[in-house]
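The values are calculated or read from the model by the stated rules, or taken from the named source; none is laboratory data. These numbers were taken from a predicted model, which means no experiment stands behind them. With ideal geometry, Cβ positions are generated from the backbone for all residues, glycine too; neighbour counts draw on all protein chains shown. Side chains are part of the model used for accessible areas, which takes the heavy atoms of the whole protein and leaves out ligands, DNA and RNA. Shrake-Rupley method; radii C 1.70, N 1.55, O 1.52, S 1.80 Å.
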Amino acid sequence: MNARRLGIGIIGGMGRGPAVGMAFNLTGRAEVRAVADLNPAAFDVGRERFEAGGAKPDLYTDTAAMLRRRDLDWVVVGTPDRTHYALAKQVIESGHNVFVEKPMTQALPEADQLCALVAKAGVRLVVGCELRYSAFAETFRRLLRDGLIGRPVMGNFIDHVGTGYTFFLRDHRRKEWSRGLQTQKGIHTIDLINDFADAAPVRV
């Protein structure tokens, strides 16, 4: 008998929400059961992804109504970055585990508040930094762990954003919405440095 599949809820009917939902669906160990978006038209945009693998989620235009469900093991926050804090807070306070697309929040005090809420509520919070699982990152990590390039004592990371030329023409075009390139893309670099060094940051 197969183990029970994890129930996934998604906030954000298009963009990153459905992309993460599709990844869950295709594992065969989880399924998207509910999707919430204020804009009903968003459901048609993301449908092919959040219904991948045969999932047939219920659709909501009221996030609070979706969060009243008890069959959701994790809820994905896949909305524009400036909404992450408020929505993650709502998910945590509803008693659900939350997967927040990077960046977790746009301000350190907000991140600290979410961590405090998670500890109080007894739920879990995961930040989606998927670059850690890319082929190049996994290969380099293996080389480090196996000692094939010696013992690194210093590293230098150089970011090159060579794709997504419309990135700052879209929702990120206003700095008060995106907080700039360091928050948007540099977060991946910081995450990889922490992972490769197997250590917490001292100063950023």
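Values as computed for the structure displayed
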quantity: All positions within the range 1-31 that are within 14 Å of Val98 (Cα to Cα) and either modelled with pLDDT under 95 or not in a loop (DSSP other than H, G, I, E, B) (or both); calculated: Leu6, Gly7, Ile8, Gly9, Ile10, Ile11, Gly17, Val20, Gly21, Phe24
quantity: Subset of the range 49-78 (residues that are touching a helix residue (DSSP H, G or I) at 6+ places or on another chain (Cβ under 6 Å), in contact (Cβ under 8 Å) with a residue 40 or more places away in the chain and open to solvent by 40 Å² or more (accessible area, probe 1.4 Å)); calculated: Leu59
quantity: Near pairs, Cβ below 9 angstrom, 6+ apart or cross-chain, from the range 32-48 (of a type in the set (D, E, K, R)) to any residue that is assigned to a helix (DSSP H, G or I); calculated: Asp37/Gly17; Asp37/Phe43; Asp37/Gly46; Asp37/Thr63; Arg47/Pro18; Glu48/Pro18; Glu48/Met22
quantity: Verdict on Ala111 being part of a helix (DSSP H, G or I), under 27 Å from Met14 (Cα atoms), open to solvent by less than 90 Å² (accessible area, probe 1.4 Å) and among the small types (Gly, Ala, Ser); calculated: yes
quantity: Inter-residue pairs, beta-carbon under 9 Å, first part of a loop (DSSP other than H, G, I, E, B) and in the range 188-201, second surrounded by 12 or more Cβ atoms within 10 Å (Cβ to Cβ), 6+ apart; calculated: Asp198/Leu144; Ala199/Ile193; Ala200/Asn194; Pro201/Ile190; Pro201/Ile193; Pro201/Asn194
quantity: Filter result (open to solvent by 10 Å² or more (accessible area, probe 1.4 Å), assigned to a loop (DSSP other than H, G, I, E, B) and within 15 Å of Val32 (Cβ to Cβ)) within the range 79-102; calculated: none
quantity: Test result for Glu176, over 30 Å from Ile8 (Cβ atoms) and in a helix (DSSP H, G or I); calculated: yes
quantity: Long-range neighbours under 7 Å by Cβ, at least six apart or interchain, first residue closer than 15 Å to Asp191 by Cβ within the range 95-114, second of a type in the set (D, E, K, R) and in a loop (DSSP other than H, G, I, E, B); calculated: none
quantity: Qualifying position, being in contact with a Phe, Trp or Tyr (Cβ under 9 Å, 6 or more places away or on another chain) and aromatic (Phe, Trp, Tyr), among Phe140, Phe168, Phe136; calculated: Phe140
